[in-house]
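Everything below concerns the one structure shown next.
The values are calculated or read from the model by the stated rules, or taken from the named source; none is laboratory data. If you're wondering where the values come from, they're calculated on a predicted model, not measured in any experiment. Neighbour counts run over all protein chains shown; Cβ positions are idealised from the backbone, glycine included.
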Amino acid sequence: MQTNNKQTILMSSFVLALMLIAMPLVLSEENNTNELVVLSSENGTDTLVLDSETMDEINDDLNESVNDFDIGMAKVGLWFTFNQEKKAEKELKLARLELIRARIFAKNNNTAAMEKALESHNRILERVQERIESLDSKSTKEGAKKSAEGLIALERAIQVHEARIQKLNDLLVSNTNLSEEQITKIQEKIAQAENNTAKLMELELEKKEKLKIKLMAVTNMTEEEAQNEVESLENAQNLSAVKRLIAEKRVSEAEKRLEELNEKVAEA
């Protein structure tokens, strides 16, 4: 048993190390393809400055109290939202509430309820995926631009939610009340959630490409002009800055987990 645990720890350390090696390349590639939104500069070094609400979203500790009434009210809010991009954003906020419930149940050592909360969370992400698949922009210049703004806002929300999922994973893994078997089951659900957000991002990219084609068709824009239009809308919502900060936070969390795993290897 101890040998298997040591092998698992070593394999996890290896995977995390590969992630840390690859991440700078991802950040570098992002800088080449998306102009970084720089809001201030200190000593010749670019510094990202985002509003406090955005920073709170990225650093979300999921440290709130949530009950069935809160979940019910969030669902009622969905009934009165008819714009599909806005509806998907609200569903992501509902998914966040399920993440909070999962953390609360973990604190109370109620693993069965925690798993149900994660299952409910993943079902919500699947509904978001279906909603994104059904999105289509109007065949006018203003309609296409409005659809682009909605898609970009939704992409930003997905990025932030992915950071929340990673945060919950770190919080649950560090919970000393959970057994190895329980942690394994939880991580399976977390992995499914991460897979769902990855699918959402792929869909977002596909929709943006189709939207560029629509812009070219209804406005007689060149491909370069359509790309510039989309990038301008992204910059207006600080999407590049949000993505970079979340990526940097992901690197930091991975380094922390790798350090913890190395300590376990040393103890083993």
- Take the residues in the range 219-268 that are at pLDDT 85 or above and of a type in the set (S, T, Y), then tell me which one is surrounded by the fewest Cβ atoms within 10 Å (Cβ to Cβ). T222
- Subset of the range 116-149, residues surrounded by 18 or more Cβ atoms within 10 Å (Cβ to Cβ) and modelled with pLDDT under 90, comes to L135, S137, A144, K145, S147, A148
- Query: When the residues of the range 63-103 are filtered to those that are β-branched (V, I, T) and surrounded by 19 or more Cβ atoms within 10 Å (Cβ to Cβ), which remaining residue is nearest to E204 (Cα to Cα)?
  - Reply: I100
- Scanning the range 158-213 for residues that are among the hydroxyl-bearing types (S, T, Y) and farther than 30 Å from E85 by Cβ, which turns out modelled with the lowest pLDDT? T176
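For (1) more than 21 Å from N195 (Cβ to Cβ); (2) of a type outside the set (K, R), each residue gets a yes or a no:
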{"site": "N59", "(1), (2)": "yes, yes"}
{"site": "L78", "(1), (2)": "yes, yes"}
{"site": "K87", "(1), (2)": "yes, no"}
{"site": "R96", "(1), (2)": "no, no"}
{"site": "T111", "(1), (2)": "yes, yes"}
{"site": "E130", "(1), (2)": "no, yes"}
{"site": "T140", "(1), (2)": "yes, yes"}
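For (1) over 22 Å from E248 (Cβ atoms); (2) aliphatic (A, V, I, L, M); (3) surrounded by fewer than 16 Cβ atoms within 10 Å (Cβ to Cβ), each residue gets a yes or a no:
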site: A157; (1), (2), (3): no, yes, no
site: R164; (1), (2), (3): no, no, no
site: S179; (1), (2), (3): yes, no, yes
site: A198; (1), (2), (3): no, yes, yes
site: E204; (1), (2), (3): no, no, no
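Pick from the range 206-218 the residues that are over 26 Å from R164 (Cα atoms) and crowded, with 16+ Cβ neighbours inside 10 Å: which of them is nearest to the chain's Cα centre (by Cα)?
L211
Could you check the range 160-268 for helices (runs of 4 or more DSSP H) lying wholly inside it with 1 or more residues that are without any contact (Cβ under 8 Å) to a residue 40 or more places away in the chain, closer than 30 Å to E149 by Cα and of a type in the set (S, T, N, Q)?
Numbers: elements: 180-219, 223-236, 239-267.
It comes to 180-219, 223-236.
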- Task: Filter the range 106-122 down to residues that are within 22 Å of E57 (Cα to Cα) and free of Cβ contacts under 8 Å to residues at least 60 places away in the same chain, then give me how many there are.
- Result: 2
